[in-house]
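A.B. asks: Structure incoming, see below.
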């Protein structure tokens, strides 16, 4: 089932207020249209093989709902992009590791090399790109750590 199909099922009879892309997922804030009492939900869609979802917030406090949702605001919702699959574990998430102890999760891998990152805590030199879950480091054919976006795109395309 695609993300679009799952969203149609989950969001039936709800008004979508905002939706954002999260790399291999999405966050959506909705209100329950037919309800007598206002109920706002923040729904997180994610891909772990199959598309799944979880409700991160459900209640009538718009400020709490927005605080939860704001953590995911990255870019308008899309249902495409390249998918990383770790050859060492079942993870689909990458992070960019810089010199020191700084990492930023990569949310969207665009085929043109334009990536969307999570919170960036530093602006150092990239040392490696690795799997968030197991630490598998992406390497080029010469065995060197991959450190630029275009090489990540090439690696993903070769591994598919």
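A.B. asks: Can you tell me how many residues within segment 36-50 are modelled with pLDDT of 85 or more and part of a strand (DSSP E or B)? Show your work before the answer.
C.D. replies: Pass one, segment 36-50, residues modelled with pLDDT of 85 or more: 39-45.
With the extra rule that they be part of a strand (DSSP E or B), the set shrinks to 40-45.
Of the residues in that region, 6 qualify.
A.B. asks: Just one of (1) in the same structural domain as residue 152 (by TED's automatic domain parsing); (2) over 15 Å from residue 156 (Cβ atoms); (3) out of contact with any strand residue (DSSP E or B) (no Cβ under 6 Å at 6 or more places or on another chain); (4) at pLDDT 75 or above trips up residue 113, so point out which.
C.D. replies: Answer for residue 113: the failing condition is (2).
To keep it simple, each residue is scored yes or no on (1) out of contact with any helix residue (DSSP H, G or I) (no Cβ under 7 Å at 6 or more places or on another chain); (2) modelled with pLDDT of 80 or more.
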position	(1), (2)
14	yes, yes
30	yes, yes
34	yes, no
52	yes, yes
79	no, no
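A.B. asks: I've got another one for you. Could you grab the pairs with beta carbons closer than 7 Å, sequence gap of 6+ or different chains, first residue in segment 1-16 and touching a residue at least 40 places away in the same chain (Cβ under 8 Å), second one surrounded by 10 or more Cβ atoms within 10 Å (Cβ to Cβ) and in a loop (DSSP other than H, G, I, E, B)?
C.D. replies: 2/79; 3/79; 4/79
A.B. asks: Condition first: at pLDDT 85 or above and outside any helix (DSSP H, G or I). Now tell me which residues in segment 57-73 satisfy that.
C.D. replies: Correct list: 57, 58, 59, 60, 61.
A.B. asks: To continue, here is another question. Mind listing just one residue for me: the one in segment 83-102 that is surrounded by fewer than 18 Cβ atoms within 10 Å (Cβ to Cβ) and at pLDDT below 85 and, of those, farthest from residue 146 (Cα to Cα)?
C.D. replies: The extreme case among them is 90.
A.B. asks: Those residues that are farther than 23 Å from residue 84 by Cα and part of a strand (DSSP E or B), I need them from segment 1-27; list them, please.
C.D. replies: Matches in segment 1-27: 14, 15, 16, 17, 18.
The values are calculated or read from the model by the stated rules, or taken from the named source; none is laboratory data. This structure is a prediction, so every number in the text was calculated from the model and none was measured. Every residue, glycine as well, gets a Cβ built from its backbone with ideal geometry; the counts of neighbours run over all protein chains shown.
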